[in-house]
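Here the structure is laid out as structure tokens; the discussion comes afterwards.
The values are calculated or read from the model by the stated rules, or taken from the named source; none is laboratory data. All figures in this text were calculated on a predicted structure; none of them were measured in a lab. Here the Cβ positions follow ideal geometry from the backbone for every residue, glycine too, while neighbour counts run over all protein chains shown. Note: areas computed on protein heavy atoms with side chains; ligands, DNA, RNA excluded. Shrake-Rupley method; radii C 1.70, N 1.55, O 1.52, S 1.80 Å.
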Amino acid sequence: MASIRELHEQLIKKECSAVEITQKALERIQALEPKLHSFLHVTTEKALEHARAVDAKIAAGEEIGLLAGIPIGIKDNLCTQGVPTTCASRILENFVPPYESTVTQKLIDAGAVLIGKTNLDEFGMGSSTENSAYQLTNNPWDLSRVPGGSSGGSAAAVAADECVASLGTDTGGSIRQPASFCGVVGIKPTYGLVSRYGVIAYASSLDQVGPLGRTVEDTAIVLNAIAGYDSKDSTSLKVEIPNYTANLTPDFKARKLRIGVIKETMADGLDAVVEKAVSQAIEQLKSLGAEISIISCPNFRYGVPSYYIIAPSEASANLARYDGVKYGFRAEDADNLLSMYTRTRSTGFGPEVKRRIMIGTYALSAGYYDAYYLKAQKVRTLIKQDFENAFEQVDVLVCPTAPTTAFKAGEKISDPLSMYLNDLMTIPVNLAGLPGLSVPCGFDDQGLPIGLQLIGRVLGEEQLFQVAYAYEQSTNWLVNQPQL
């Protein structure tokens, strides 16, 4: 599959049609899904309908945008009108939203072809996409390994050329970590830059929608389409959105960019092969003209424990609405209202969702609120202050996206704590509401991708794209593709 810009050029020159591009993606999905399992729902007829509308515009001599006719996968926790939206949970298996999320509506308005809904960890709770109630998504680079999570289906679909780009959500690393495991680019934008209207909530103060793409430019193009103020979202930022692709250049030597390496992330627990690849990537940035320094964020290490108090607490409140009364699954063998509530939630939710609801409910209960939730919020403030102090010295921070490459399916499913530590590098970025981007920076000795994480100031997405693009263009990692 060509890049967004290349496909756009082919469309306006009438070298191919939007229907042909869409059919190619659908054929790829049909061929690979039996072994990949990236999609929960493929919207064949809707996709072809949208593609035909783009072709009609071209035939009429109308101008089309960069995303017109481009096949895009949508994580299945984003509401899509008339299309099942399950959050990969049994409790929402029959839910068909009567409205469109803001981000998917923006893509539709841009002429994009929404080709299907991608698999995820149930309600976004997980780091491997093994917690889906319906299927296990496999990593395109090695089908015995996980694609990361929770946006594993979105990342795997892009890596396997089933779509050109996709949307995911990131609560503690759920775009960047699967991007690292699958060898694609993924960005978690600044909190509030992208509307959360129509996003089925996990942890409202942390959730953010973002794109995944094969290249930095593809990812920037999609973010341009979905970013912006939305009056339907009370946390939406009313700011001007720059053109993220306008200043992408392979050379940033003249900018004297200051890049800080977070000392605490290059410590014990990091795989040697990941450390080597990230160190080489930092040297490459230095050769491009960046000034490299070591920066300490001493509270970074407390990100995981504070996150696993705050996120489950918010999940406990958000998931209280799934009671079998208003929508979704309802247990039919209940004798009374309380029994119906209990049976519905016991049957409808999977083990990881139940685990996090129980942790959150406990942390918010009388006598424990101050000891756990309030303390975690104070730690969150300290982490944010660490970042603020760091950005007084540097322009961009770098660290590994994940401490390891993709692990075997089933390897960590019975050890939740080990699974939670996979988000060690990404969680602090969500707690501080900052933008974070993962770009491929190498492979281990088994041919599995490794990701470099770039972290920016609030609303620093444009600079992150510029650094990532310059690095991407100076390497040949894009030449490597999974053999499926």
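Criterion first (under 17 Å from Gly116 (Cα atoms) and touching a Lys or Arg at 6+ places or on another chain (Cβ under 8 Å)) does Lys75 satisfy it?
Details: under 17 Å from Gly116 (Cα atoms): yes; touching a Lys or Arg at 6+ places or on another chain (Cβ under 8 Å): yes.
Against the criterion (under 17 Å from Gly116 (Cα atoms) and touching a Lys or Arg at 6+ places or on another chain (Cβ under 8 Å)), Lys75 qualifies.
Mind checking which residues of region 264-275 are assigned to a helix (DSSP H, G or I) and surrounded by 14 or more Cβ atoms within 10 Å (Cβ to Cβ)?
At the first step, the residues of region 264-275 found to be assigned to a helix (DSSP H, G or I) are 264-265, 272-275.
Answer for region 264-275, where residues must be assigned to a helix (DSSP H, G or I) and surrounded by 14 or more Cβ atoms within 10 Å (Cβ to Cβ): Glu264, Thr265, Val273, Val274, Glu275.
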Item to complete: Give me the pairs, please: first residue somewhere in region 230-257 and in contact (Cβ under 8 Å) with a residue 40 or more places away in the chain, second residue anywhere and open to solvent by 100 Å² or more (accessible area, probe 1.4 Å) and in a loop (DSSP other than H, G, I, E, B), beta-carbon distance under 8 Å, and either six or more positions apart or on two chains.
Response: Ser236/Tyr229; Leu237/Tyr229; Val239/Tyr229
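Just the residues that are open to solvent by 10 Å² or more (accessible area, probe 1.4 Å) and closer than 18 Å to Phe387 by Cβ, please, taken from region 463-472.
Quick first cut of region 463-472, residues open to solvent by 10 Å² or more (accessible area, probe 1.4 Å) only: 463, 466, 469, 472.
Hit for region 463-472 is Gln463, nothing else.
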Practice prompt. Please state which one of Arg355, Arg380, Arg345 is touching a residue at least 40 places away in the same chain (Cβ under 8 Å), surrounded by fewer than 17 Cβ atoms within 10 Å (Cβ to Cβ) and among the basic types (Lys, Arg).
Written response: Arg355
Discussion item. Criterion first (part of a helix (DSSP H, G or I), over 30 Å from Arg145 (Cβ atoms) and among the aliphatic types (A, V, I, L, M)) does Ala366 satisfy it?
Written reply: no
Worksheet, complete the sentence: Reported set for region 221-262 where residues are among the aliphatic types (A, V, I, L, M), over 14 Å from the mean Cα position of the chain (by Cα) and either open to solvent by 40 Å² or more (accessible area, probe 1.4 Å) or closer than 17 Å to Val439 by Cβ (or both) is Ile221, Leu237, Val239, Ile241, Ala246, Leu248, Ala254, Leu257, Ile259, Val261, Ile262
Worksheet item: Would it be correct to say that Ile282 is open to solvent by less than 10 Å² (accessible area, probe 1.4 Å) and under 20 Å from Val396 (Cβ atoms)?
Response: no
Worksheet item: Being of a type in the set (Phe, Trp, Tyr), touching a helix residue (DSSP H, G or I) at 6+ places or on another chain (Cβ under 8 Å) and in contact (Cβ under 8 Å) with a residue 24 or more places away in the chain, is that true of even one residue in region 32-43?
Response: yes
Practice prompt. Hey, can you tell me all the residues within region 26-58 that are over 20 Å from Lys106 (Cα atoms), outside any helix (DSSP H, G or I) and among the hydrophobic types (A, V, I, L, M, F, W, C)?
Written response: Phe39, Leu40
Discussion item. Tell me yes or no: at least one residue of region 47-59 is touching a residue at least 24 places away in the same chain (Cβ under 8 Å) and closer than 23 Å to Gly186 by Cβ.
Written reply: yes
Practice prompt. Please specify each residue of region 268-318 satisfying the condition of being small (Gly, Ala, Ser) and under 25 Å from the mean Cα position of the chain (by Cα).
Written response: Gly269, Ala277, Ser279, Ala281, Gly303, Ser306, Ala311, Ser313, Ala315, Ser316, Ala317
Worksheet item: Mind checking which pairs have a first residue in region 384-404 that is farther than 20 Å from Pro178 by Cα and open to solvent by less than 30 Å² (accessible area, probe 1.4 Å) and a second that is at pLDDT 95 or above and among the basic types (Lys, Arg), Cβ under 6 Å, 6 or more apart or different chains?
Response: Phe391/Arg457; Val394/Arg258; Asp395/Arg258
Response to the item:
Going through region 80-116 in order, the residues found to be part of a loop (DSSP other than H, G, I, E, B), open to solvent by less than 20 Å² (accessible area, probe 1.4 Å) and either farther than 18 Å from Val222 by Cα or among the charged types (D, E, K, R) (or both) are Thr85, Thr86, Cys87, Ala88, Ser89, Pro97
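Mind checking whether some residue in region 368-380 is among the aromatic types (Phe, Trp, Tyr) and under 21 Å from the mean Cα position of the chain (by Cα)? Break it down stepwise before answering.
At the first step, the residues of region 368-380 found to be among the aromatic types (Phe, Trp, Tyr) are 368-369, 372-373.
Now drop any that are not under 21 Å from the mean Cα position of the chain (by Cα), which leaves none.
No.
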Practice prompt. Would you point out which residue out of Pro428, Pro435 is open to solvent by less than 10 Å² (accessible area, probe 1.4 Å), under 19 Å from Lys263 (Cβ atoms) and within 16 Å of the chain's Cα centre (by Cα)?
Written response: Pro428
